[in-house]
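The values are calculated or read from the model by the stated rules, or taken from the named source; none is laboratory data. Just so it is clear, the model here is predicted, and its values are computed rather than measured. Neighbour counts are summed over all protein chains in view; Cβ atoms, including those assigned to glycine, are modelled from backbone coordinates with ideal geometry.
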Amino acid sequence: MRLAVYPGSFDPVTNGHIDILERSSRLFDKIVVAVIHNVTKSALFSLDERVHLIRESAKHISNVEVDCFYGLFADYLRRKEACAIIRGLRTVTDFEYEMHMGMMNKMLIPEIDTIFIMSNTDYIFVSSSGVKEAALLGGDVSTLVPGVVKQALDVKVAEVWRNDR
């Protein structure tokens, strides 16, 4: 079985992430969306919330599994017996960052390739951090995220505003 892993913090998952997942799911027998705990980022949603939101947002894609992990990504890839890493690219800046990460992963686990999938032009400007910022400031992000994520964002924004008073 050809299994690929699509890693990310997905805080929150966006329509751009789902588009990459839909397109990459046609290339592999199974895609594992691996939600990572990124120690360099402050998360709005917990790992469990992110896993739930991705499962709900991707339930129409039959060959997708959602998981979370800590630790070295290369070790996780070995445990899953993956053959590829899926990464979405929006900009040249993304490419430069992802190229370096791909080269590091190739050094750590040479038998696994990184597959870059270009973002759909409808989502080229969409990032999780941008979605969070816009939502927290009262912007309408309903066209940028799946419906279940929009509902969860509305709840989080209300909590943040309640706690800030």
Members of the range 77-102 found to be assigned to a helix (DSSP H, G or I), of a type in the set (A, V, I, L, M, F, W, C) and in contact with a strand residue (DSSP E or B) (Cβ under 7 Å, 6 or more places away or on another chain), listed by number:
77, 95
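Listed here are the residues, each with its yes/no results for (1) of a type in the set (Gly, Ala, Ser); (2) touching a Leu at 6+ places or on another chain (Cβ under 8 Å); (3) farther than 20 Å from residue 25 by Cα; (4) surrounded by fewer than 19 Cβ atoms within 10 Å (Cβ to Cβ).
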position	(1), (2), (3), (4)
56	no, no, no, yes
62	yes, no, no, yes
71	yes, no, yes, yes
107	no, no, yes, yes
110	no, no, yes, yes
115	no, yes, no, yes
122	no, no, no, yes
140	no, no, yes, yes
160	no, yes, yes, yes
Can you tell which of 31, 54, 18 is outside any loop (DSSP other than H, G, I, E, B), in contact with a Ser or Thr (Cβ under 8 Å, 6 or more places away or on another chain) and closer than 21 Å to residue 141 by Cβ?
18
Among the numbered criteria (1) assigned to a helix (DSSP H, G or I); (2) without any contact (Cβ under 8 Å) to a residue 24 or more places away in the chain, which single criterion is violated by residue 105?
(2)
For residue 152, state whether it is loosely packed, with under 15 Cβ neighbours inside 10 Å and either part of a helix (DSSP H, G or I) or touching a residue at least 40 places away in the same chain (Cβ under 8 Å) (or both).
no
Taking the range 46-66 on its own, how many of its residues are in contact with a strand residue (DSSP E or B) (Cβ under 8 Å, 6 or more places away or on another chain), in contact (Cβ under 8 Å) with a residue 24 or more places away in the chain and charged (D, E, K, R)?
2
Kindly indicate whether residue 40 is more than 15 Å from residue 85 (Cα to Cα) and modelled with pLDDT of 95 or more.
no
Residue within the range 101-115 that is among the charged types (D, E, K, R), at pLDDT 90 or above and either under 25 Å from residue 55 (Cβ atoms) or touching a Pro at 6+ places or on another chain (Cβ under 9 Å) (or both) present:
no
Enumerate the pairs (first residue in the range 116-132 and under 23 Å from residue 45 (Cα atoms); second residue anywhere and part of a helix (DSSP H, G or I) and aliphatic (A, V, I, L, M)) with beta-carbon separation below 8 Å, excluding pairs fewer than 6 apart on the same chain, so at least 6 apart or on different chains.
131/153; 132/153
Go over the candidates 28, 10, 45 one by one and state the one that is aromatic (Phe, Trp, Tyr) and more than 24 Å from residue 112 (Cα to Cα).
45
Within the range 32-45, take every residue that is in contact with a strand residue (DSSP E or B) (Cβ under 8 Å, 6 or more places away or on another chain) and touching a residue at least 40 places away in the same chain (Cβ under 8 Å) and give me the one that is farthest from residue 9 (Cα to Cα).
32
Any residue in the range 124-131 that is surrounded by fewer than 16 Cβ atoms within 10 Å (Cβ to Cβ), of a type in the set (Val, Ile, Thr) and at pLDDT below 95?
yes
